[in-house]
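S.K.: Following this message is one structure expressed as structure tokens.
The values are calculated or read from the model by the stated rules, or taken from the named source; none is laboratory data. Since we're looking at a predicted model, the values are computed, not measured. Keep in mind that these areas ignore ligands, DNA and RNA; they rest on the heavy atoms of the full protein, side chains included. Shrake-Rupley method; radii C 1.70, N 1.55, O 1.52, S 1.80 Å.
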Amino acid sequence: MPMTTRHIVPLVAAGLAVAALAVGSQAGTINSNLMIEPAKTFELGGGQDGGFVVTGTNVGPVAVVVSGKAPDGTIVQRGTVSAGGAVDARFASGEMALLRNTSGAQTARLTLKVTGDTAALGMSYSDNP
């Protein structure tokens, strides 16, 4: 039996819906020249379905503390990236990356590459604790 337009349209719509879901959950790459104001923390992610990786270099004059914040609010420090140092941190599904400028007077600067589940990563800043 040949397909009619009535049968083809729902199949095309279903195919597009599946493709949209696949694109929404696929890995992507974000390249950033991040600046973090003095006494601020950059917050990346939290609540996303998949994990992501942050790699890059601290190109600024001040150290940056890298931590992960679990969905239950637990914060675990991953390390400190000194000026000129490299960062390579992995974050799990639902986890938030926290990059804290350790200086109260100078802006932190990093060149970063974020890979993995980047489709729905939120980004914000907060005051340092």
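S.K.: Which whole-number value in Å² is the accessible area per residue of segment 65-129, probe 1.4 Å?
M.R.: Per residue, segment 65-129 has 53 Å² of solvent-accessible surface.
S.K.: Per the 1.4 Å probe, what fraction of the accessible area of segment 33-94, in percent, lies on carbon and sulfur atoms?
M.R.: Looking at segment 33-94 in its full context, I get 51 percent from C and S.
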